[in-house]
Amino acid sequence: MTTGGMNKMQIANQDTVGPLPAEHPRVRKQKIGVLLLNLGTPDATDYFSVRRYLSEFLSDKRVIDYPSWLWQPLLQGIILTSRPFRSGAAYASIWDQRTNESPLLVYTRSIAEKMSAEFEANDNIVIEFGMRYGNPSTPKMIKSLLDQGCTKILLFALYPQYSATTTATAYDKAFDYLKTIPRQPAIRTAPPWQDDPAYIELLAQSIQEKLDELENPPEYILTSFHGLPKRYLLQGDPYHCLCAKTSRLVREKLGWPEDQWITTFQSRFGPEEWLQPYTDKTIEKLAHDGVKRIAIVSPAFVCECIETLEEIAMEARDEFLENGGEEYTYIPCLNDRDEHIHLLSNYVRRELQGWV
């Protein structure tokens, strides 16, 4: 028995005892947390901010699976000596000057805020967002939810198509933190939604809206997904197949000819073969072949980021025009448009069944 005749079980259960001891942690009203997880961003565009971010990102074994004894000397001693300058310049070209933040951070925050408004009728649900790399960190935001009284948390990785390099590592980071705390909440993880009819409908709608603005329709539409080393596919990562399915379903929804619709992969890094066809090589070839008008969309990204705004909307455009193309149309991500917020909120409602 403990002091005063109460045993540990009684102290742990506030419903069976009187006033809690003064040293007992504060007992909050139990709530349900939803943590939206995105990739991440540097805090600023300077060398050291970008180096810090890239070091964390490129040290992730889910992203670069080379042995540490081989990879880390290359990364820390060679790659991170020069790459932060180039990446910093790329970030600076798309940096949101109003908030002094990256577009990914601005849009992810807006998505979380607008989703919170969708659930404002239920004050037991708390929605936050966190990043796999950089700030606000996943551990910090899990702690924030716990401090707000959340005893159940839904982890929601913002990637329509699953990959070990995105969805899995986002959840890994959360689990790593949960292993360090004495009282774990109940945890659920949300699945991807690459073929959900409502998602396909909204994606097709956003493409058609942009096409309707054009005086002349594009000769080709490209869906550009973030790439992976081909080796990851052969090891069992289903990402390639999920991307292909999203692309096919959207094309069919739009009724676009199959021979004028191309699924490509961007952002390759390092010497090994990645998923093909490559976006940049495809754009260059189309221009060389006499194609004058193309449109491109990046369905793997829920909101704008350096891969969409700098690599696709700017760099790829320049490549197309410099090689003979004339009209290049970038179709924005779904971002924080109301229909997208409603879609994501419905996915959350589905995953909270039994808790709410």
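Going down the list LYS31/LYS173; LYS61/LYS114; LYS179/LYS245; LYS29/LYS140; LYS210/LYS245, which pairs span over 27 Å between their C-alpha atoms?
Numbers: LYS31/LYS173 22 Å; LYS61/LYS114 33 Å; LYS179/LYS245 36 Å; LYS29/LYS140 20 Å; LYS210/LYS245 22 Å.
Exceeds cut-off: LYS61/LYS114; LYS179/LYS245.
Could you check the spin-label model distance between GLN148 and SER68? Points 7 Å from the Cα along Cα→Cβ, value in nm.
It is 3.4 nm.
How big is the antiparallel share of DSSP beta bridges in the chain, given as a percent to the nearest 5?
5 percent
Can you work out D for the stretch 100-244 in µm² s⁻¹ from Stokes-Einstein, where Rh is the Kirkwood radius over C-alpha pairs, the temperature is 4 °C and the viscosity is 1.567 mPa s?
72 µm²/s
Which value, in debye to the nearest 20, describes the size of the charge dipole of the chain about its Cα centre when Lys and Arg Cβ atoms bear +1, Asp and Glu Cβ atoms bear -1, and nothing else is charged?
So the dipole magnitude of the chain works out to roughly 1860 debye.
Roughly speaking, what is the stretch gain from CYS241 to THR81, that is 0.36 nm per residue apart minus the C-alpha to C-alpha distance, in nm to one decimal?
The CYS241-THR81 span can extend by a further 54.0 nm.
Nearest 10 degrees, 0 to 90: what angle lies between the long axis of helix 103-118 and the longest principal axis of the chain (Cα atoms)?
Approximately 50 degrees, to the nearest ten.
Relative contact order, percent, of the stretch 57-200 when contacts are C-alpha pairs under 8 Å separated by at least 6 residues? It would help to have the intermediate numbers written out before the result.
Working: 100 pairs, mean separation 25.6, N = 144.
So the answer I get is 18 percent.
What's the longest uninterrupted piece of the chain once you rule out the GluC sites (Glu not before Pro) that are loop residues per DSSP with at most 13 other Cβ within 10 Å?
Within the chain, the longest run free of exposed GluC sites (Glu not before Pro) spans 24-119.
Which angle between 0 and 90 degrees, to the nearest 10, do you get for helix 80-94 versus the longest principal axis of the chain when only C-alpha atoms count?
Between helix and principal axis, roughly 80 degrees.
Report the Cα-based extents of the stretch 197-331 along its three principal axes, largest first, to the nearest Å.
Cα extents, longest axis first: 45, 37, 28 Å.
So between SER55 and ARG337, what do we pick up on full extension, going 0.36 nm a residue minus the alpha carbon distance?
On the way: separation 282, 0.36 × 282 = 101.52 nm, distance 3.26 nm.
Result for the pair: 98.3 nm of gain on full extension.
Please report the spacing between the Cα centers of the stretch 262-289 and the stretch 72-90 in Å, no decimals.
Centre-to-centre distance over Cα atoms comes out at 23 Å.
What distance in nm separates the simple spin-label points at THR180 and GLU322, each placed 7 Å from Cα in the Cβ direction?
4.4 nm
Looking at the chain, which longest stretch skips every one of the trypsin sites (Lys or Arg not before Pro) that is in a DSSP loop with at most 10 other Cβ atoms within 10 Å, leaving the sites themselves out?
184-356
Roughly how many Å is it from the Cα centre of the stretch 322-356 to that of the stretch 131-195, as a whole number?
So the separation of the two Cα centres works out to 20 Å.
Need one number: the % of Cα-Cα pairs in the chain sitting beyond the 32 Å mark.
For the chain, the fraction of Cα-Cα distances above 32 Å is 38 percent.
Read the figures in this text as sums done on the coordinates, not as results from a lab. These numbers come from a predicted model, not from an experiment. Cβ sites come from the backbone with ideal geometry, for glycine too, and all protein chains shown count toward neighbours.
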